[in-house]
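Trainee: Have a look at the structure that comes next, please.
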Amino acid sequence: MLELESGSNPTDNQDTSSSSGFSSIKALSSLVYGQSHTAQQDLRTVYHAISGDAIYQVSSQGINMQSVVDYAKQHGSAIASWTFHQRANALKQVAQYLLERKEHYYELAKATGCTRKDAWIDIEGGIATLFAYSSLVRRELSDETALVEDAWIPLSKHGSFGAKHILTAKAGVAVHINAFNFPIWGMLEKIAPTLLAGVPCIVKPATEGAELTHAVVKDIHASGFLPEGSLQLICGQTYDLFNYLGPQDTVTFTGSASTGQKLRAHPHLNQYSIPFSMEADSVNSAILTEDASDETIDLFVREVFREMSTKAGQKCTAIRRAFVPAALLETVQSRLVAKLQKVVVGNPELAEVTMGALASVKQKQDVAEKVELLSQDAEIVLGSHLRQDYTIQAQQPVKGAFYPPTLLVCKHPTEAKYIHQVEAFGPVATLMPYQNFAELADLVARGEGSLVASVVRNPEQNIEQLIAKIAPWHGRLHILDAESTKESTGHGSPLPYLVHGGPGRAGGGEELGGLRAVKHYMQRTAIQGSPNAMTQIGHSWTAGAHVHEDRVHPFKKSFDELRIGERLLTARRTITESDVVNFAGLSGDYFYAHMDKIGAADSFFGERVAHGYFVVSAAAGLFVDAAVGPVIANYGMDNLRFVEPVKIGDTIQVELTCKQKTPKQLKDPTQKPHGVVVWDIKVKNQRDDLVATYDILTLVERAA
C-alpha cells in the first residue's frame, strides 16, 4: 500500500498529528465521487507560514480509492464525448469564473508566506494558463473529438490504400500529484491539457498550500462548466490509489526527485506500463559569458537576484548555480551582495517587506540542512541562519518560516560535490568561477540534468558552441542580452507554449509545450485503409476519396449545406506571354526566370515560366464565384507547394474540394454566424500533371 505524502519539493513533513488539542481547527475535505469527504483520523496539521498558528488539518483516511478511480471513468469520461472546441470553451468559462474570485485566493495565499506579487504568479499565472490553452486549442485544432495528426501517407501504387495517425482520448484517468510551491498554477497547468484531451483528473496537492487548491477545485465544481467527475481532489495521502490504475491511465508528479523515484518504481505502474511523467527539483544554472560588458554583468546580477528573492526562492526553476568568468567573480559578488542586502524579509502585510517566508517551518529546517551541506564546498558570504545579515520584520520571527537570502561562493567548483548535487529549495544560490569554455560545459553537465539554464551574453556574441554543449542537459535555455531583456519573461517562468521539464535528475518529463501536453493524454494510433475510410474517420476529405458534384457552385452554398468531399472542376485557362508580362508589371517581380528569355534558357527550367503566385491568382479566378453569396472572406492559405513549372502556352485547370468544416464561436453577437471551410486546391496542366497544391480557408455563413 502506497502511503507517501508525495506532493512536495522537497518531501513533505510526515508528521501526522492527531486532532487532539486542535478541535477548533477546520479539517480540509477531499472532493471525491461527488461528495465532500472529511476524515477524523490520521490528521496532519498545517501551520501559518508567518505566525506559526495552526490553520487547518488534512487527512484522506477513509476514502475508497477504487471508487475515486471508478467515478472518474464512469462520470468524468463524459468529457471525451465533447469536441475540442467544447472542451476549450468550457475551460475558458472556468478561467473567467476563477478570475472573478481571485481576491479570495489572494487572501488564502497569505498563510503560505508569499507576497502578493509572488501569489500573482500562482493565482493569475495559473488562470492565464487556462486561457492560453483554451485559445490554443480553438485556434489550432478542428472541432472534433479526435485529432488527425498528419496527412495521407500512401502505401500503394494507385492510392487506394494508405494511412494516417490519429489521436484519441485515453479511456482512463490522469492522476496529478503536485508540489507545495504553486498550489494553484501547479494544478491548473496540468489539468488544462488533460481536460482538453478529454481525460478526467484526480488531483492530489501537497499538504502545505492544499487550502488554495481546495478553494479553486471547489469553485470549479460550483461553476458547473465541466462534467461531474471530471475533476476530483484528494487532500492527504494517496494510500493505495495506484493499485486501482490501469493501462489507460496516466500519472504526473512534481516534487522531490527522491519521492518521485519511489513513486515511479511502484510495481503496479510497471506492470501495466502506466505513463509516469516527473518534474523534479534540479540545480538550474545561470551563465555569464566571457568578456561581459558592464551592462551584461548588471543583467546577470539582476536575473540571479530575482530568482533568489521571488517566491523566497521556492521555484523548481530557480537559479541554484551561477557561473561567472574567473576574472569577474569579485565584481559579480559585490554587486549581487549589494542588491541582496536591500531585501527586507518578513510579514508581507508590512509595506516595507519585499520577501516573505518559506512555506513551513519544516521547509526552513530542510533549507538550513541543505545549506550546511553546500557550505562544505563553498563559503557563505551572505545570509543563512548562521549569520546576522538580516532582521526579520515580523511579530514572531522565530515561529514563522523565515529564511534570509543566502549567497555562497565556491572558488574551486571542479573539486566540489554538493554544489552540483544538492538543491536548497529556498532563497539560496552559489557563485562559482570558470576558467574556459570546456570547463564551463563540464561544470554545467555535473548537475546531471536541469529544467532551465540562462545564458547572459553581450549582444551579437556567438554562443552557438556553448548552446550545443549544454542543450542536451536542459529542458529550456533562456538567452538574455540587452536586446531580449526589454520583453523577456525571465529565467524562471514556464510558459504554456514551451516545454517545462528536463532530463536526468530533473525527472525526464515534459509538461506544457503547447499541444504536446494535450497529446500526452491521448493515444496515438496508426489507421490504415482506403481514402474513403480515412475521410469517414477523420471528418476530413482525403485525396482519392469519393467526391460529390452538382450544378450549384460550392461558393453559393452555406456552411450547413456544404458536404465534405464536395468538388468543383473548373474551366481551363491557357497561360500567355501577356499574362506573365502583366503580372510582372503589377507585382514588381521581374525575376529572370519569368522575364529574361536568354537567362531562362540557361536555367533549371530551360525556358521562361509563369510566376508561381500568378498561377495561384489565376487559379482563384477559375474557382471563385464572383456573385454575392454565403462566402464572407478568404481566411488564409496553408501548405502551398509549386510542384511543376507552368510555361507559356500551358493550360491549367483547378479541382476545388471541400476538405473540412469548423464552426466558429462568435466573439461579437452582432456578427453573422459563420464557420471556417478548408478547401483542397489542386492545379493541373493539360497533361493532368499537378503543378500546384494548397489549402485555402474561407469564412462561410452558417445557420444561427
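Trainee: Take residue 651 and tell me if it is of a type outside the set (Lys, Arg), within 44 Å of the chain's Cα centre (by Cα), open to solvent by less than 60 Å² (accessible area, probe 1.4 Å) and closer than 27 Å to residue 552 by Cα. Reasoning before the result, please.
Mentor: Values: of a type outside the set (Lys, Arg): yes; within 44 Å of the chain's Cα centre (by Cα): no; open to solvent by less than 60 Å² (accessible area, probe 1.4 Å): yes; closer than 27 Å to residue 552 by Cα: yes.
No; evaluated as a whole, the condition is false for this residue.
Trainee: Give the number of residues within the range 144-161 that are over 29 Å from the mean Cα position of the chain (by Cα) and exposed (fewer than 14 other Cβ atoms within 10 Å of the Cβ). Give the derivation first.
Mentor: Let us first name the residues in the range 144-161 that are over 29 Å from the mean Cα position of the chain (by Cα), namely 153-161.
Narrowing the set further to residues that are exposed (fewer than 14 other Cβ atoms within 10 Å of the Cβ) leaves 153, 155-158, 160.
Number satisfying all stated conditions: 6.
Trainee: Of the conditions (1) open to solvent by 10 Å² or more (accessible area, probe 1.4 Å); (2) under 23 Å from residue 73 (Cα atoms), residue 164 clears all except one; give me its number.
Mentor: So residue 164 meets the others, but not (2).
Trainee: Let me ask another. What are the residues in the range 36-62 that are open to solvent by 20 Å² or more (accessible area, probe 1.4 Å), assigned to a loop (DSSP other than H, G, I, E, B) and either of a type outside the set (Gly, Ala, Ser) or on the phi < 0 side of the Ramachandran plot (or both), if any?
Mentor: Listed by number, the residues that qualify are 38, 40, 41, 42, 48, 51, 53, 61.
Trainee: For residues in the range 595-621 being touching a strand residue (DSSP E or B) at 6+ places or on another chain (Cβ under 9 Å), in a helix (DSSP H, G or I) and open to solvent by less than 40 Å² (accessible area, probe 1.4 Å), which is farthest from residue 684 (Cα to Cα)?
Mentor: Top of the filtered list is 600.
Trainee: Then there's this: Test of understanding: among 460, 448, which residue is of a type outside the set (A, V, I, L, M), at pLDDT below 90 and part of a loop (DSSP other than H, G, I, E, B)? Write out each step before concluding.
Mentor: Values: 448 fails: at pLDDT below 90.
Exactly one residue qualifies, and that residue is 460.
Trainee: Name every residue in the range 238-258 that is modelled with pLDDT of 90 or more and of a type outside the set (Val, Ile, Thr), in order of residue number.
Mentor: 239, 240, 241, 242, 243, 244, 245, 246, 247, 248, 249, 253
Trainee: Can you tell me which residues in the range 276-317 are touching a Lys or Arg at 6+ places or on another chain (Cβ under 6 Å), within 19 Å of residue 455 (Cβ to Cβ) and open to solvent by 20 Å² or more (accessible area, probe 1.4 Å)?
Mentor: 305
Trainee: Something else about it: Could you tell me whether residue 180 is among the aromatic types (Phe, Trp, Tyr), in contact with a His (Cβ under 8 Å, 6 or more places away or on another chain) and at pLDDT below 95? Steps first, please.
Mentor: Values: among the aromatic types (Phe, Trp, Tyr): yes; in contact with a His (Cβ under 8 Å, 6 or more places away or on another chain): no; at pLDDT below 95: yes.
Spelling it out, it is not the case that residue 180 is among the aromatic types (Phe, Trp, Tyr), in contact with a His (Cβ under 8 Å, 6 or more places away or on another chain) and at pLDDT below 95.
Trainee: Sort out which residues of the range 199-224 are touching a Phe, Trp or Tyr at 6+ places or on another chain (Cβ under 7 Å) and either of a type in the set (Asp, Glu) or part of a loop (DSSP other than H, G, I, E, B) (or both), and write them in order of number.
Mentor: Hits for the range 199-224 are 199, 206, 208, 209, 211, 219.
Trainee: Specify the residue that is surrounded by the fewest Cβ atoms within 10 Å (Cβ to Cβ); the eligible residues are those in the range 214-229 that are out of contact with any strand residue (DSSP E or B) (no Cβ under 7 Å at 6 or more places or on another chain) and not hydrophobic (A, V, I, L, M, F, W, C).
Mentor: 224
Trainee: Tally the residues that are assigned to a helix (DSSP H, G or I) and either of a type in the set (Phe, Trp, Tyr) or without any contact (Cβ under 8 Å) to a residue 24 or more places away in the chain (or both), restricting the search to the range 177-198.
Mentor: Here is the first cut: in the range 177-198, the ones assigned to a helix (DSSP H, G or I) are 185-197.
Checking which are either of a type in the set (Phe, Trp, Tyr) or without any contact (Cβ under 8 Å) to a residue 24 or more places away in the chain (or both) leaves us with 185.
Matching residues across the range 177-198 total 1.
Trainee: Follow-up question, since we're still on this one. Out of 559, 583, which single residue is modelled with pLDDT of 90 or more and either part of a loop (DSSP other than H, G, I, E, B) or farther than 29 Å from residue 617 by Cα (or both)? Walk me through how you get there before you give the answer.
Mentor: Details: 583 fails: either part of a loop (DSSP other than H, G, I, E, B) or farther than 29 Å from residue 617 by Cα (or both).
Within the list 559, 583, the selection yields 559.
Trainee: Going through the range 474-494 one residue at a time, which ones are of a type outside the set (Ser, Thr, Tyr), more than 20 Å from residue 320 (Cβ to Cβ) and open to solvent by 30 Å² or more (accessible area, probe 1.4 Å)?
Mentor: In the first step, residues of the range 474-494 are kept if they are of a type outside the set (Ser, Thr, Tyr); the result is 474-483, 486-487, 490-492, 494.
Narrowing further to those that are more than 20 Å from residue 320 (Cβ to Cβ): 481-483, 486-487.
Matches in the range 474-494: 483, 486, 487.
The values are calculated or read from the model by the stated rules, or taken from the named source; none is laboratory data. Since the model is a prediction, treat every value here as computed from it, not as a measurement. No Cβ is skipped: glycine too gets one built from the backbone with ideal geometry, and neighbour counts run over all protein chains shown. Just the protein is used for accessible areas: all its heavy atoms, side chains included, with ligands, DNA and RNA removed. Shrake-Rupley method; radii C 1.70, N 1.55, O 1.52, S 1.80 Å.
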